[in-house]
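Asker: I'd like to ask you about the structure that follows.
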Amino acid sequence: MDIDSHAEELASALGVDKTEVKTDLQNLLQYSVPIDEAKQSIRRKHGGGGSQSSTPETVSIEDVTTDHGSVNVTVRVLTVGTRTIQYQGEESTIREGKLADETGVISYTSWQDFGFEPGDSLTIGNAGVREWDGHPELNLGANTTVAFAEESVSVPYDVGGDATLFELEPGDRGRTVEVRVIEVEERTINGRNGETEILSGVLADETTRLPFTDWQPRSEIAEGAEVRIEDVYVREFRGAPSINLSEFSTVSLLERSIDINDEPPELSIAEAVGAGGMYDVAVTGTILEIRDGSGLIERCPDCGRVIQNGQCRSHGAVDGEDDLRIKAIVDDGTQALTAILGTELTAEIYGGGVEAAKDAAREAMDKGVVTDEIAETLVGRAYRLRGRLSVDEYGANLTVDEFEPIDESPADAARAVLTEVRS
Ligand SMILES: [Zn+2]
């Protein structure tokens, strides 16, 4: 289509003069604005909000993209979570969760209470589409209409928020878990309304363990208690899922007892990394390489970060404190990750603590001897590693709690380190 045809089409759709539209188009194209964007911007100029002026399309969930300004969908409500947030300086209560049809699942945020519940089949008109974390999401607001669908929408997904801890993912809303509280402590934090008491700790079920925060401490959340918690949301904390109880979460004591699993899920590295971070996981792989920043290192006394040449990124020139650490590349054939071993595990593997390492480095006049010796022990051998996996743009890091050789031969077994230190 040439610019004349575009101008003609737009002008007749908007009911305005073609010459004016063409001049505007030419101006925008001159600045290398893509044609679709240019047309959208002209629609906005004449209709006040490009997306609202064009009639929303009726689509299946799998076809919703951020190219749609808004859409009409017929869906089943999978989950509804309630939460208060600060929005433009005001506290507002929003509902969030997932909607689905037979083609797919989509997250939504509802800025009004339309009164729907998990299991309801709805026809939603004029839902805004926005991008969140690389995916389209539906925004239900003042311009949105919500009505019960004429027929029930059948979906190949579980309706309702019940989930095991293993199934929870950051971004989940309105989920329900049945857990045992295995650790809990009260803490005072500086919240948005001044000093606030919160609870934090660890929950466990038959599948795994996850950390939690209760932003409105309740007495049912006590060590050893077995509880059903409805309407929790999941956030990412240090690269792994963390459960959050809001003022809308409800806690009730369970009638049954939970057979908690103290063993971590044993996964391939690809599976674990694919899960996007896990609080407790075990993988088995071969150490390919010991990375820079291993062996005898120096940390900032204020923040604990590893420093280079006496310079902390946050605190400038500092008097560094010596420490031991290992950063090892582990590969199991499916994928690789960086395993990080702290002071105690590193000392066991090295066969000596910080002082021994400093003596060796002084004698050789080279800190590298410590790293070399560690590499000599580890590289090319297979280990089982358990710890907390975080995955971000810098890669996958496993902060190791347990480290043990997977032994090929008795000779190797004799030489290898076997540790079960929980740091
Ligand atoms: Zn520092």
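Just so you know, all these numbers are worked out from the coordinates, no wet-lab data involved. Since the model is a prediction, treat every value here as computed from it, not as a measurement. Positions of Cβ are generated from backbone atoms using ideal geometry, with glycine treated the same way; all protein chains shown enter the neighbour counts.
Asker: Return the whole-Å distance between the Cα centroid of segment 168-182 and the Cα centroid of segment 197-220.
Answerer: Value for the Cα centre distance between the two parts: 9 Å.
Asker: Cα axis of helix 18-30 to longest principal axis of the chain: angle in degrees, 0 to 90, nearest 10?
Answerer: Relative to the chain, helix 18-30 is tipped by roughly 20 degrees.
Asker: Please tell me the relative contact order of segment 134-236 in percent, rounded to the nearest whole number, where contacts are Cα pairs under 8 Å and at least six residues apart.
Answerer: 30
Asker: On to the next question. Give me the lysines in straight-line cross-link reach of LYS327: C-alpha distance below 16 Å, same-chain residues under 8 apart excluded.
Answerer: Cross-link targets: LYS367.
Asker: Just grab the label-to-label distance for ALA147 and ILE406, each label 7 Å out from Cα along the Cβ direction, in nm (one decimal).
Answerer: The answer from the label model is 5.9 nm.
Asker: Now for a different question. Under unit Cβ charges (Lys, Arg +1; Asp, Glu -1), what dipole magnitude, rounded to 20 debye, does segment 57-148 have relative to its Cα centre?
Answerer: In total the dipole reaches around 200 debye.
Asker: If you take the charge dipole of the chain about its Cα centre, with +1 on Lys and Arg Cβ and -1 on Asp and Glu Cβ, which of ILE42, ASN139, ASN27 is farthest toward its positive end?
Answerer: ASN27
Asker: GNM on the chain, C-alpha springs below 10 Å: top fluctuator among ARG305, ARG291, ARG381?
Answerer: Most flexible of the set in this elastic network: ARG305.
Asker: Would you list which lysines come within 16 Å of LYS45, measuring only between C-alpha atoms, while excluding same-chain residues fewer than 8 positions from it?
Answerer: Of all the lysines, those that pass the test against LYS45 - Cα under 16 Å, at least 8 places apart if same chain - are LYS18, LYS22.
Asker: Quote the relative contact order of the chain in percent (integer), defining contacts as alpha-carbon pairs under 8 Å separated by 6+ residues. Write down the numbers at each step before the final one.
Answerer: Working: 940 pairs, mean separation 38.3, N = 423.
Reported as a whole number, the value is 9 percent.
Asker: For the pair CYS303/ASP392, report the inter-label distance in nm, with labels modelled 7 Å from Cα in the Cβ direction.
Answerer: Placing both labels 7 Å beyond Cα along the Cβ direction yields 1.2 nm.
Asker: Here is a further query. What is the antiparallel percent of DSSP beta bridges lying wholly in the chain, to the nearest 5?
Answerer: Just about 90 percent of them are antiparallel.
Asker: Follow-up. Which value, in debye to the nearest 20, describes the size of the charge dipole of the chain about its Cα centre when Lys and Arg Cβ atoms bear +1, Asp and Glu Cβ atoms bear -1, and nothing else is charged?
Answerer: So the dipole magnitude of the chain works out to roughly 1080 debye.
Asker: Hey, another quick one. Taking +1 at the Cβ of each Lys and Arg and -1 at the Cβ of each Asp and Glu, which of VAL273, ALA396, ALA317 sits farthest along the dipole of segment 269-415 towards its positive end, judged by Cα position relative to the Cα centre?
Answerer: Of the options given, the answer is ALA317.
Asker: Further question on the same structure: Starting from the Cα-Cα distance between SER32 and LEU253, subtract it from 0.36 nm times their residue separation and give me the gain in nm to one decimal.
Answerer: Stretched out fully, the SER32 to LEU253 stretch lengthens by 73.3 nm.
Asker: Considering only VAL379, THR334, GLY239, whose Cα is most displaced toward the positive end of the charge dipole of the chain, charges sitting on Cβ of Lys, Arg (+1) and Asp, Glu (-1)?
Answerer: Going by the Cα projections, it comes out as GLY239.
Asker: Now for a different question. Loop only by DSSP, 16 or fewer other Cβ within 10 Å of the Cβ. Give me the GluC sites (Glu not before Pro) in segment 165-218 that pass, ordered by residue number.
Answerer: Sites meeting the loop and neighbour criteria: GLU206.
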